[in-house]
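Colleague: My structure is below; once you've seen it, I'll send some questions.
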Amino acid sequence: MKTKKTFFSFYLSACTLLLGGALMTACSSDDLDEGAKGVDMVKGMQIELAFADYGEDTESTMTRAAAATPAKDTVVLGNGLVAEISVERDAKAGSEAPAKPATRALSAGTYTMAAYQGGVFKGDVTGTVSGSVFTPTSSNPAIILTPGTYDFVCYNEFVSRNGNELTVAQADAGKALIGRAANQRVSGARQKIRFTMNHVGARMRVKLTSYVSVHDSIKAKVADTDGDAPVTAHYDMSTGTYTYANGALTPGEYAFGESKEWARRGYFAAEWRENYTSLSDYQYFLPSTEGAKLKLTFSQGTLYYKDVAGVTIPVNPDPAITMKQNGSYTVNVKMLYDFYYLYSDGTTDRISAAAGRTPVGVVVSRSQRLAAALKEAGNGNWCQSSYQLNLANSQQFPTPAQALNDMAGEDWTWDAAHSHDGQVKANESVAFPAFYKAAHYDAGTTLSGGLEQKRWFLPSAGQMKYLFTGLGKGDIDPVIAQTAFTNATHFPWKGDLANAAFVQLGGSSIYDSGGKAFFTSTEVDYQTIVMVSTNPEYMRWTEIGKPSYVAILPFVNY
């Protein structure tokens, strides 16, 4: 275990503390006369305080692999959200926060050092530490210890004392320090007494992640579920043992600011399929607090456009975690939207009921039994240039109202009767690259349950509208009301929510830093087709020349 050390040299003059025959020390002796009945420390003594940082014990007890794959529990929250919960010990204190100089932060204050021999109290001294100077404040004129073996205990002002017992309340768990130097031989030789000052408590923070940015004020509290958590620590200085008294925790509030990706990139962190994250400050607990007995309750805020106030999440991954002294923990709360997905076995269900199935598509309309591929099929041209001034489909849709009623994407892709010249576009890799790529989409896994017989296709404008309405909660009526397609019209939607449907399960982002354009199979006239453009705030419906080169998102009728 690595520690951060501060050396305090202090000199007790002849007017420093006398306790009948006992030299206290969390300190050490200087020039002791072993032949004397008692040792008078008049020339000085030096102690070494090494402050153990939070989480350092983890490095010697957990492998990197174990720390990287904490136990995870999935909780259905009942409001369209699902939470994945895991708790892990921080591998290093302050791993995601600015490093704080522990020696400066922890050195200042008042310290008391008590000496025990054979479990019997022999004396103590109290002083203040500022910078590197220890100034005794006890009123005794001298401190005398006879040569022998002693146990020394050092504690700071956030610890209460009654005789041999030290007490720390939960409220002081983050500030209280106790160190013990056992079996120290006091003799006439110059020596040091070394203390490792440990935090009496443990600390825990919450890392909130989602695929829609956290940019509102979100607050939550952690409390115990049954009023049976450690609230007071008792330390017996004579034996060096801890005991704990249980009761109801006093919950501290966790506050989440805007996610760091939101601050850095605005909407577009999901372009790279990153989680949006927001990390709270620490709250402090006493050792032996069980994670399985804790619950996280949101008091305010929204996620995925849903109010999360009152939502409670149990902190109980399997195996459960019991907090250790000086331990540092992060509760990872990954919030997912409970979309419906198409799975490789041909079934559809929400994330919360997936039960290990492999998703291959996002359900955009349950009534139409229509799904979009989880990943894109790359980019391509709608057709080769020789077809740019020729009709390709058997029917054209010159107005938005007509185009948005076109539901024949599979026919335009696969049916020769729906082709102007009798070609099956799904088979034409050169003449109709976009249709070919959509039709030959590889889901990346073996399909079964009848899904292997279904055909992927380039969606029509009417099918693409369900991406806008079903996933992005957009209003299609203003789009239909247009008399013609125009590049200038932007139609608002919750694009980040629609995008989350894809990226939260490892799919392709449906927009990037400059927006993204997708083909439809709907033909407007002999030279243009319908294209949709997406970004987080709006979707745009336009017509574009056929040879254009944009993204391809296959659909399937399941």
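Colleague: Whether any residue in the range 233-241 is assigned by TED's automatic domain parsing to the domain that holds THR302 and among the acidic types (Asp, Glu) is what I want to check.
Modeller: The answer is no; no qualifying residue exists.
Colleague: Between SER394, SER365, which is of a type in the set (Ser, Thr, Tyr) and free of Cβ contacts under 8 Å to residues at least 60 places away in the same chain?
Modeller: Residue meeting the stated conditions: SER394.
Colleague: Is it true that TYR526 is aromatic (Phe, Trp, Tyr) and either in contact with a helix residue (DSSP H, G or I) (Cβ under 9 Å, 6 or more places away or on another chain) or not in a helix (DSSP H, G or I) (or both)? Write out each step before concluding.
Modeller: Numbers: aromatic (Phe, Trp, Tyr): yes; either in contact with a helix residue (DSSP H, G or I) (Cβ under 9 Å, 6 or more places away or on another chain) or not in a helix (DSSP H, G or I) (or both): yes.
When the stated conditions are applied, TYR526 passes them.
Colleague: Give the range 379-391 a look and list any residue that's assigned to a loop (DSSP other than H, G, I, E, B) and more than 28 Å from PHE502 (Cβ to Cβ), or say none.
Modeller: If the condition is that a residue be assigned to a loop (DSSP other than H, G, I, E, B) and more than 28 Å from PHE502 (Cβ to Cβ), then GLN384, GLN388, LEU389, ASN390, LEU391 are the ones that fit.
Colleague: Can you pull out the helices (runs of 4 or more DSSP H) entirely within the range 405-523 that have at least 1 residues that are buried (at least 24 other Cβ atoms within 10 Å of the Cβ)?
Modeller: Numbers: elements: 409-414, 433-439, 461-466, 477-480, 495-503.
Per the criteria, 409-414, 433-439, 461-466, 495-503.
Colleague: To continue, here is another question. Quick check on the range 547-555. Is at least one of its residues touching a Ser or Thr at 6+ places or on another chain (Cβ under 6 Å), surrounded by 22 or more Cβ atoms within 10 Å (Cβ to Cβ) and not basic (Lys, Arg)?
Modeller: No; the residues of the range 547-555 include none that is touching a Ser or Thr at 6+ places or on another chain (Cβ under 6 Å), surrounded by 22 or more Cβ atoms within 10 Å (Cβ to Cβ) and not basic (Lys, Arg).
Colleague: Starting from residues that are outside any strand (DSSP E or B) and surrounded by fewer than 24 Cβ atoms within 10 Å (Cβ to Cβ), keep the ones in the range 177-211 and report whichever is modelled with the lowest pLDDT.
Modeller: ALA189
Colleague: Taking the condition among the polar types (S, T, N, Q), over 37 Å from the mean Cα position of the chain (by Cα), over 24 Å from GLU253 (Cα atoms) and modelled with pLDDT under 95, does ASN140 pass? Talk me through it step by step, then tell me what you get.
Modeller: Working: among the polar types (S, T, N, Q): yes; over 37 Å from the mean Cα position of the chain (by Cα): yes; over 24 Å from GLU253 (Cα atoms): yes; modelled with pLDDT under 95: yes.
It is true that ASN140 is among the polar types (S, T, N, Q), over 37 Å from the mean Cα position of the chain (by Cα), over 24 Å from GLU253 (Cα atoms) and modelled with pLDDT under 95.
Colleague: Take the conditions in a strand (DSSP E or B), outside the structural domain of GLY123 (by TED's automatic domain parsing) and surrounded by 24 or more Cβ atoms within 10 Å (Cβ to Cβ) and apply them to ALA220. Does it pass? Full working, then the answer.
Modeller: On the way: in a strand (DSSP E or B): yes; outside the structural domain of GLY123 (by TED's automatic domain parsing): yes; surrounded by 24 or more Cβ atoms within 10 Å (Cβ to Cβ): yes.
Considered against the rule, which asks whether it is in a strand (DSSP E or B), outside the structural domain of GLY123 (by TED's automatic domain parsing) and surrounded by 24 or more Cβ atoms within 10 Å (Cβ to Cβ), ALA220 comes out as yes.
Colleague: Moving to a separate point now. For a quick check of your reading: which strands (runs of 3 or more DSSP E) sit entirely within the range 273-378 and have at least 2 residues that are surrounded by 18 or more Cβ atoms within 10 Å (Cβ to Cβ)?
Modeller: Correct list: 276-279, 283-285, 294-300, 328-337, 340-343, 359-365, 370-373.
The values are calculated or read from the model by the stated rules, or taken from the named source; none is laboratory data. All of these numbers come straight from a predicted model, not from anything done at the bench. Reconstructed Cβ throughout: ideal geometry from the backbone, glycine too, with neighbour counts over all protein chains shown.
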